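*Asks:* Starting off with a structure, shown below.
The values are calculated or read from the model by the stated rules, or taken from the named source; none is laboratory data. Source: prediction; values computed, not measured. Please note: Cβ atoms are built from the backbone with ideal geometry, for glycine as well, and neighbour counts cover all protein chains shown.
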Amino acid sequence: MAEPGVRHGFLWGFLMLVFGALAAGAPFLTGLAVTLSIGATLLAGGAAMLLFALRTPALGGAVLKLLFAGLTLLLGGVIVANPGLALAQLTVLVGVYFIIDGMVSMIVAWNVKPRSGWGWITFNGVVSIALGYLVLSGWPASALWAVGLLVGIRLILAGVAMPALAMSGR
């Protein structure tokens, strides 16, 4: 019988694979869910900041705290009210992120050359730049699939990694 940690690793890994497949299979719905989660988080954070600002005026900067709370609430409200538009904007940010990440990876790779693994880091950088270009060149249509598909792929990779990590921890 497998150890509890290994069983849990396989169970959680399987669940991550299932959720990843569901996310990748419905990328637009996943993208909207991610966007709405961000909006809801900003609304909750803005409400917390507002309560803090109203209850602790003696700490100074009450006007700044109120303005920042208002800005956070406004941003969260705009995202929740217009998740499709917010998803389109998030898709642009994801594309730009991949391009910057790829450039940084390539700089790191060339700085560690000729150490072992520098080629893989370079490959990672090239793939990241290509993904960023793919997302941005297909925008705004890529907003329908990019964020959700990437979340799904990430969950699938985590689902594959969990059992391996559980096995290595025995």
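*Asks:* Given the criterion of a type in the set (A, V, I, L, M) and modelled with pLDDT of 90 or more, identify the matching residue among Leu165, Leu149.
*Replies:* So the residue among Leu165, Leu149 that is of a type in the set (A, V, I, L, M) and modelled with pLDDT of 90 or more is Leu149.
*Asks:* Just to be sure I understand, how many residues within the stretch 5-33 are closer than 19 Å to Pro83 by Cα and loosely packed, with under 14 Cβ neighbours inside 10 Å?
*Replies:* Total meeting the criteria: 1.
*Asks:* With the structure loaded, tell me whether Gly77 is in contact (Cβ under 8 Å) with a residue 40 or more places away in the chain, within 19 Å of Gln89 (Cβ to Cβ), touching a Gly at 6+ places or on another chain (Cβ under 8 Å) and not β-branched (Val, Ile, Thr) or whether it fails that test.
*Replies:* no
*Asks:* A further question follows. For the stretch 44-65, state whether one or more residues are within 27 Å of Leu155 (Cα to Cα), modelled with pLDDT of 95 or more and either surrounded by 15 or more Cβ atoms within 10 Å (Cβ to Cβ) or of a type in the set (Phe, Trp, Tyr) (or both).
*Replies:* Taking every residue of the stretch 44-65 in turn, at least one turns out to be within 27 Å of Leu155 (Cα to Cα), modelled with pLDDT of 95 or more and either surrounded by 15 or more Cβ atoms within 10 Å (Cβ to Cβ) or of a type in the set (Phe, Trp, Tyr) (or both).
*Asks:* Moving on. Would you please name the residue that is nearest to Leu75 (Cα to Cα), looking only at residues in the stretch 85-98 that are among the β-branched types (Val, Ile, Thr) and buried (at least 18 other Cβ atoms within 10 Å of the Cβ)?
*Replies:* To start, the set of residues in the stretch 85-98 that are among the β-branched types (Val, Ile, Thr) comprises 91-92, 94, 96.
This time we only want the ones that are buried (at least 18 other Cβ atoms within 10 Å of the Cβ), so: 91, 94.
Numbers: Thr91: 17, Val94: 18 Å.
Among those that are among the β-branched types (Val, Ile, Thr) and buried (at least 18 other Cβ atoms within 10 Å of the Cβ), it is Thr91.
*Asks:* Which pairs turn up if I take residues in the stretch 107-134 that are touching a residue at least 12 places away in the same chain (Cβ under 8 Å) and within 23 Å of Ala146 (Cα to Cα) and look for partners that are surrounded by 14 or more Cβ atoms within 10 Å (Cβ to Cβ) and among the charged types (D, E, K, R) with beta carbon separation below 9 Å, at least 6 apart in sequence or on another chain?
*Replies:* Asn124/Asp101; Gly125/Asp101; Ser128/Asp101; Ile129/Asp101; Gly132/Asp101
*Asks:* Among residues belonging to the stretch 138-170 that are part of a helix (DSSP H, G or I) and over 20 Å from the mean Cα position of the chain (by Cα), point out the one that is surrounded by the fewest Cβ atoms within 10 Å (Cβ to Cβ).
*Replies:* Among those residues, the one meeting the criterion is Ser168.
*Asks:* Among (1) surrounded by 14 or more Cβ atoms within 10 Å (Cβ to Cβ); (2) of a type in the set (A, V, I, L, M); (3) farther than 30 Å from Met49 by Cα; (4) under 16 Å from the mean Cα position of the chain (by Cα), where does Met106 come up short?
*Replies:* (4)
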